[in-house]
Amino acid sequence: MAIYCRNCGKALADDARFCSGCGSQTVPPAAAPYPQSVTRLVRPRAGRMLAGVCQGLANAYAWDVVWVRVVTVLLTVFGGGSGLLAYVIFWIVMPEEPVIFPPPPTPYQPPTQP
């Protein structure tokens, strides 16, 4: 049975834990439909539209980010602005994902002659 990434749609190996295209975590088909442990809520730097709140919630709970965005818009329009209020609160409370810099290159050392 073929496994595809939920974020980018790339075909994955059966034993893959992360997508090689976008780096998102995959849920194996034999696993429970809900994650066993919840990761820390952070606003990711990749894949976000405005502040990354919906993407962060989707990543933390292994939900589809499109549905989280649709629910947020529906709550904003039909819920008296509660979706927008929740979005702003999450924007303030959720920390942003830290920047990971590559290691600095090693300085050039010319070869020594004996």
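The values are calculated or read from the model by the stated rules, or taken from the named source; none is laboratory data. Owing to the predicted nature of the structure, the values given are computational and were not obtained by experimental measurement. Methodologically, a virtual Cβ is constructed for each residue, glycine included, from the backbone with ideal geometry; neighbour enumeration extends over all protein chains shown.
Every test in (1) modelled with pLDDT under 90; (2) closer than 21 Å to Arg6 by Cα is passed by Pro105 save one, and that test is (2). Determine which member of the set Val73, Val99, Val65 is loosely packed, with under 10 Cβ neighbours inside 10 Å and aliphatic (A, V, I, L, M). Result of the check over Val73, Val99, Val65: Val99.
Right, Leu84: out of contact with any strand residue (DSSP E or B) (no Cβ under 9 Å at 6 or more places or on another chain) and closer than 21 Å to Asn7 by Cα or not? Considered against the rule, which asks whether it is out of contact with any strand residue (DSSP E or B) (no Cβ under 9 Å at 6 or more places or on another chain) and closer than 21 Å to Asn7 by Cα, Leu84 comes out as no. A search for C-beta distances below 8 Å between a residue of the range 82-105 that is in the same structural domain as Val71 (by TED's automatic domain parsing) and any residue that is at pLDDT 85 or above and of a type in the set (S, T, N, Q), counting only pairs 6+ apart in sequence or on different chains, returns Ser82/Thr76; Gly83/Thr72; Gly83/Thr76; Leu84/Thr76; Ala86/Thr72; Tyr87/Thr72; Tyr87/Thr76. Only one entry in Leu41, Leu57, Leu50 is exposed (fewer than 13 other Cβ atoms within 10 Å of the Cβ) and either modelled with pLDDT of 80 or more or not basic (Lys, Arg) (or both), namely Leu50.
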